[in-house]
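Let me begin by presenting the structure, written as structure tokens, before commenting on it.
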Amino acid sequence: MSEAAPTLRLEVKNVTKRYPSVVANSDVNLRVAPGEIHAVLGENGAGKSTLMKIIYGAVKPDIGEVLLDGKQSKIRNPQEARALGISMVFQHFSLFETVTVAENIWLGLDKSLTLANVREQTVRKAKIYGLDVEPDRPVHSLSVGERQRVEIVRALLTDPKVLILDEPTSVLTPQAVRKLFVTLRQLAADGCSVLYISHKLDEIRELCTNCTVLRGGKVTGHVDPRNESNASLSRLMIGAEPPKLQHREVKTGAIGLQAKGLSIVADDPFGVTLDNINFEVRTGEIVGVAGVSGNGQQEFLAALSGESTRAPSGSISLFGNDISKRNPRVRRAGGLHFVPEERLGRGAVPTLSLAANTLLSRASEVVGKPPLSWVSPKATASLAADIIKRFHVKAGGPSAEAKSLSGGNLQKYIVGREISANPKVLIVSQPTWGVDVGAAAQIRGELLKLRDEGCALLVVSEELDELFEVCDRMHVIAKGRLSPSINTADATVEKIGEWMSGLWEVSHAL
Amino acid sequence: MESFALLIAATFNAGTVLAIAALGLLINEKSGIVNLGAEGMMLCAAIAGFAAVVHTGNDWVGFAAGMAAGAGMAALFGVLVIWLNTNQYATGLALSLFGAGFSAFVGVKYVQEKLPARPSYAIPGLADIPFIGPALFKQHPLAYIGIALALAIIWFLFKTRAGLVLRSVGESPESAHSLGYPVRRIRLLAVMFGGAMCGLSGAYLSIIYTPLWVEGMVSGKGWIALALTTFATWRPLRVLFGAYLFGGVTMMQFHLQSQGVDIPSQFLSMAPYLATIVVLALISRNPAWIRINMPASVGKPFYPGS
């Protein structure tokens, strides 16, 4: 990189931030010019979030400084950051569900404005940047994409000089991503600098003109992503190219899991009603379910796993047996295993050891004979040790608390726990959410291996790349309805994206 | 006819005690903090208010003393719960037990005390209207202030920015913190307001409602006020309605008991609790309504910056 131009909008100089167990940022430098869309690329845990929090004033660096327009900025909290023109759109939205869009935006703005004022400005700003926002709707009635637009409008109303977006596309359909890019380019053309945090290489290469790569808290490169390939960016990000998966031919057998006319009216006012869902998964195949979260995945998975038994009789069957009203234990005895999306709390008990956590789904193997049914500490420990060894989980042994593991390692452990139970049918939700690239590849490899051994797999994920990589067929879930299935070989990102908006009748008829 | 007007007047009076405390607790809970110490705060406020009137002869000094006692105890509770993150329920229960014991201890020498003669409170003109006058217009000013308080709280919560901020803090303290709002200070103020209103209610009890001091004289009204806010789904007008309903059924059963109706008195004593819970549960049974009005973070600890 050349020497700093005098007109840099934002400069981060030699920032180091240590936490008790980890160095989150080590001597990090970042330079952003006005009107530039600058990517910050790195895996989960590479230090991106810490760096953004330092810029945004939410975290204080141990060493180093942040310069805004060449002047040292003493930002002590997010309010001061906003006052100086730094705005941030968070990955997990910070909107209030029970108040309206306009009120939410008002909360993020200066006191001197009236609500009517804010309402009018919101409409105006939204129009300029083509963001579709209805100011009077309560936020709990909005989709994830709509919520993100509200966050962006809120950020824009502060007239930011620097706009930080943290993994903004992880919740969007491909079409919504296109729309977002148009907005961001327009913003940059108006002189606003955009910091774009992501781990998606294609997006960065398409959108950004500059890129800072982080790995393990250190900067591993400043590059122009337009001149890079996915492979070269990946080398900077993880130190290696992502491993390729071996896909073998499908040999399907009997129908393992089937749903026929599965409809459930939501009992939670913020829930989604499932509407006539039909699908089947045969042994020896992986069927994917794509869709933006909040479209009924939770309700769908609860009905399949047995956490909810509100499904109508005869709507869900396991190898031909009706299981609609059965609890998870009965379903598990029939060979149906389930890996939930939330690892801590549903997949594992955070404060218990890995050994004790085997009890959640493998109790029959570690509990002695009735009537006493003592838990055998020896059996739990050896089962946990087997899983740790077979799935290369980095943990302090079977006695380590579940919450002491990193997200990726815990996910490997939980997936491993279910895979090593030799399931006949396995349902996995978000198999690699928050998991680093290496661990993700390993988990996907295990899923494929299980398929080749004749298991029927249903994978629910928001990551389209992942579904395209592992699935033989795909469905899309939108607004509580499930699309017909499409062979992965015939599917395109465009088409799945359309379906994600619930438009499969149209494209199906064509 | 005359006795019916008196029944309405008594209902109004009894409902006011509950309404003021419950409305204060509503603001308290809208911030995401539940203070189970209401009973203890009311007891301490009752003795503080009573003692102040005994020594000064001025009712308003008594109300001020009650509010100060309530707010002071709430502040102690607030510091423990908001900054030191002690468990809200356990701390609140401790405050109730402490308040009961402490008020009894301080109150020993006031048990035989008498207050100066209670003046009558009649609004000139209005109080002379037949039936309506004795039913509604011979109340202590605080009875009208109770209604004004409900209206003021509606205006505050739903029409002002400060009210919006309070609701936001109660829904998601993490988000409010990330927007830069001083969550802990806002919660402390809300808790202290709740304490002050419980204090006002306790002082009203010992100065106006039954002008004397008896150990444990609040006799569960703090707990009823807490239950009212929940059963009324944190809506001020429903809280007000619930308070008068409870007051009304209480008075009715006294009336029936004195008439010697052939129902076991135990059943009559149950009636106000049962009626209030059933009626409020019925009008507030819509789960969507509950979710939208309930402060989502209530009872949960909040650690800023984690």
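Read-outs: derived from the displayed coordinates by stated rules, not from any lab. None of these values were measured; they are calculated from a predicted model. All Cβ positions, glycine included, derive from the backbone under ideal geometry; neighbour counts span all protein chains shown.
Key figures for this structure:
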{"quantity": "Whole-angstrom gap from the range A:284-354 to the range B:125-152, using each part's C-alpha centre", "calculated": "60 Å"}
{"quantity": "Potential lengthening between A:Val22 and A:Ser404 on full extension [0.36 nm per residue; Cα-Cα distance subtracted]", "calculated": "136.2 nm"}
{"quantity": "Restricting the range B:138-244 to GluC sites (Glu not before Pro) in coil, as DSSP defines it, with at most 13 other Cβ within 10 Å", "calculated": "none"}
{"quantity": "Residues B:Ile290 and A:Asn487, FRET efficiency given R0 of 56 Å [Cβ-Cβ distance, rounded to 0.05]", "calculated": "0.80"}
{"quantity": "For A:Ser324, residues with placed amide H under 5 Å, excluding near neighbours", "calculated": "A:Gly314, A:Ser315, A:Ile316"}
{"quantity": "Gain in span if fully extended, B:Phe131 to B:Val79, counting 0.36 nm per residue against the direct Cα distance", "calculated": "13.8 nm"}
{"quantity": "FRET efficiency, 1/(1 + (r/R0)^6) with R0 51 Å, evaluated for A:Val349 and A:Asn278 via beta carbons", "calculated": "0.90"}
{"quantity": "Debye, to nearest 20: dipole size of the protein assembly as shown, +1 on Lys, Arg Cβ, -1 on Asp, Glu Cβ", "calculated": "1000 debye"}
{"quantity": "Over chain A: helical MRE at 222 nm, DSSP H runs n ≥ 4 each giving -39500 (n - 2.57), nearest 500", "calculated": "-9500 deg cm²/dmol"}
{"quantity": "Under-5 Å amide H pairs with A:Ala478, H placed in peptide plane, nonlocal only", "calculated": "A:Ser483"}
{"quantity": "Proxy reagent accessibility, fewest Cβ within 10 Å first, across B:Met192, B:Met252, B:Met42", "calculated": "B:Met252, B:Met192, B:Met42"}
{"quantity": "For A:Ser308, distant residues with modelled amide H under 5 Å away", "calculated": "A:Ala303"}
{"quantity": "Expected 222 nm ellipticity per residue - DSSP helices of 4 or more, -39500 (n - 2.57), all of chain B, to 500", "calculated": "-23000 deg cm²/dmol"}
{"quantity": "In order through the range B:68-74: 3J(HN,Hα) via Karplus (6.51 cos²θ - 1.76 cosθ + 1.60), integer Hz, x for Gly, Pro", "calculated": "5, 4, x, 5, x, 5, 5"}
{"quantity": "Residues A:Asp465, A:Asp166, A:Asp490, A:Asp386 arranged by fewest to most Cβ contacts within 10 Å", "calculated": "A:Asp490, A:Asp465, A:Asp386, A:Asp166"}
{"quantity": "Backbone N under 19 Å from the A:Lys479 label point (7 Å along Cα→Cβ), restricted to the range A:123-141", "calculated": "A:132-134, A:137-141"}
{"quantity": "Estimated inter-spin distance, A:Arg137 and A:Asp452, nm [label 7 Å along Cα→Cβ]", "calculated": "4.7 nm"}
{"quantity": "Charge dipole (debye, nearest 20) of the range A:147-202; +1 at Cβ of Lys and Arg, -1 at Cβ of Asp and Glu", "calculated": "180 debye"}
{"quantity": "Shape category assigned to the range A:216-316 from the gyration tensor of Cα positions, a/c cut at 1.5", "calculated": "oblate"}
{"quantity": "For the range B:217-222, 3J(HN,Hα) per residue [Karplus equation, 6.51 cos²θ - 1.76 cosθ + 1.60, θ = phi - 60°, Hz, x = Gly/Pro]", "calculated": "5, 5, 6, x, 5, x"}
{"quantity": "Förster-model FRET efficiency, 25 Å R0, A:Arg226 and A:Glu65, C-beta, rounded to 0.05", "calculated": "0.25"}
{"quantity": "Burial ordering of A:Glu341, A:Glu494, fewest other beta-carbon atoms within 10 Å first", "calculated": "A:Glu494, A:Glu341"}
{"quantity": "Gyration tensor (alpha-carbon) shape descriptor, the range B:168-306, a/c threshold 1.5", "calculated": "oblate"}
{"quantity": "Length released on extending from A:Lys111 to A:Glu494, taking residue separation times 0.36 nm less the Cα-Cα span", "calculated": "133.5 nm"}
{"quantity": "Percentage relative contact order, chain B, counting C-alpha pairs under 8 Å, at least six apart", "calculated": "38 percent"}
{"quantity": "Rounded, prolate or oblate (a/c below 1.5 giving rounded, otherwise prolate when a/b exceeds b/c) for the range A:1-97 by Cα gyration tensor", "calculated": "rounded"}
{"quantity": "Karplus 3J(HN,Hα) series, Hz, for the range A:20-25 with 6.51 cos²θ - 1.76 cosθ + 1.60 (x for Gly, Pro)", "calculated": "x, 9, 8, 8, 6, 9"}
